[in-house]
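In what follows, a single structure is set out as structure tokens and then discussed.
The values are calculated or read from the model by the stated rules, or taken from the named source; none is laboratory data. For clarity, every value in this text was computed on a predicted model and none was experimentally measured. Reconstructed Cβ throughout: ideal geometry from the backbone, glycine too, with neighbour counts over all protein chains shown. Just the protein is used for accessible areas: all its heavy atoms, side chains included, with ligands, DNA and RNA removed. Shrake-Rupley method; radii C 1.70, N 1.55, O 1.52, S 1.80 Å.
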Amino acid sequence: MNVLQWIGEPITDRGVTERRFNLVRESGIVPGILWLPAGLSYPHPLVLLGHGGSGHKRGARQLELGRWFAGEWSMAVASIDGPFHGDRRHEDQGHGHGHATMAGVDAVTDGLVDDWSATVDTLSTLDVIDGSRVAYLGLSMGTRLGLPYVANAGQRLRCAVLGKYGLRQSPLTSAPVDAAARVARDAPRIDIPVLFHVQWDDELFPRAGQFELFDRLGSSDKQLIAFPGTHRTTTPVATRSWCEFVIDQLNE
């Protein structure tokens with residue numbers, strides 16, 4: 001049984017209310033944040049945000065997107081800490097990659113797939129969440145661990161924004177976090193609209209491998225966008241493209 005526990009008092013700023021929560025599960029605690037448009041009690045579409053490597057549920061991009069979707073488009077937004085990140089990382093753990101290696105890529109991935117599923121199911125019981133309109137947005141590690149969730153969720157999701165990840169990786173990337181085989185297996189099972197973002201000069205995941213992953217996506221409705229720059233480069237135009245795609249799909 002999953003139990004939703006709110007942490008502290010809601011914080012409202014510029015029309016957006018932020019609520020921290022723990023989802024208590026038999027497998028452990030899933031720390032998360034929910035952003036909601038302040039003062040509006042009708043059910044809102046839900047956007048799920050997967051963070052990148054070394055990030056966390058309230059990283060700069062999560063905070064920016066959470067406030068934007070909630071404040072500008074009256075959508076609910078949820079983000080949870082990935083394995084060995086944020087509040088799921090302890091001082092004595094060291095770098096999350098090492099622990100992911102010991103646990104095994106598939107085990108870590110399956111755990112997060114299950115955590116996202118439980119989070120969506122639980123949040124969808126709230127009166128302010130429209131569980132029939134849900135989207136996923138996650139790049140880099142948000143795709144490495146999030147794409148398998150998207151494949152597993154199926155029609156539970158309306159759409160997904162993925163990218164900055166591929167089926168090849170450079171020597172600059174830690175070998176233990178190579179999940180290409182798992183992602184390659186799951187990609188053909190995705191049958192919802194997908195927007196896939198490629199960084200043309202990505203030094204971690206060469207563009208050829210990103211193209212290979214895009215080709216493997218099973219959806220008949222998939223779009224690829226590409227921007228110059230290295231892995232960490234994200235322009236305002238790119239961010240706007242992700243958001244507009246999600247908004248269009250959730251408002252259909």
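Brief remarks on what is shown
- Flag if Gly209 is modelled with pLDDT of 95 or more, surrounded by 14 or more Cβ atoms within 10 Å (Cβ to Cβ), over 20 Å from the mean Cα position of the chain (by Cα) and not β-branched (Val, Ile, Thr): yes
- Qualifying residue in segment 212-232 (condition: of a type in the set (Gly, Ala, Ser) and assigned to a strand (DSSP E or B)): yes
- No other residue among Ser170, Ser241 is open to solvent by less than 60 Å² (accessible area, probe 1.4 Å) and assigned to a loop (DSSP other than H, G, I, E, B) apart from Ser170.
- Exactly one residue out of Ser74, Ser79 is buried (at least 17 other Cβ atoms within 10 Å of the Cβ) and either modelled with pLDDT of 95 or more or of a type in the set (Asp, Glu) (or both), and it is Ser79.
- Here His85 meets each of (1) over 18 Å from the mean Cα position of the chain (by Cα); (2) open to solvent by less than 40 Å² (accessible area, probe 1.4 Å); (3) at pLDDT below 95 with one exception, condition (1).
- The residue that is least open to solvent (accessible area, probe 1.4 Å), among those in segment 1-52 that are more than 16 Å from Leu65 (Cβ to Cβ) and polar (S, T, N, Q), is Asn22.
- Of all residue pairs spaced 6 or more apart or on separate chains, those with beta-carbon atoms under 6 Å, a first member in segment 193-206 that is within 25 Å of Glu252 (Cβ to Cβ) and outside any strand (DSSP E or B) and a second member that is open to solvent by 10 Å² or more (accessible area, probe 1.4 Å) and modelled with pLDDT of 95 or more are Pro193/Asp221; Pro193/Gln249.
- Any chance Asp248 is more than 26 Å from Gly111 (Cβ to Cβ) and in contact with a Pro (Cβ under 6 Å, 6 or more places away or on another chain): no
- Every residue from segment 132-160 that is surrounded by fewer than 24 Cβ atoms within 10 Å (Cβ to Cβ), in a helix (DSSP H, G or I) and not aliphatic (A, V, I, L, M): Asn152, Gly154, Gln155, Arg156
- Matching residues, segment 101-128, being within 18 Å of Gly50 (Cβ to Cβ), among the hydrophobic types (A, V, I, L, M, F, W, C) and touching a strand residue (DSSP E or B) at 6+ places or on another chain (Cβ under 9 Å): Leu112, Trp116, Ala118, Val120, Leu123
- Tyr165 outside any helix (DSSP H, G or I), within 28 Å of Phe69 (Cα to Cα) and open to solvent by less than 30 Å² (accessible area, probe 1.4 Å): yes
- Subset tally (residues that are open to solvent by 10 Å² or more (accessible area, probe 1.4 Å) and either in contact with a strand residue (DSSP E or B) (Cβ under 6 Å, 6 or more places away or on another chain) or among the polar types (S, T, N, Q) (or both)) for segment 184-198: 1
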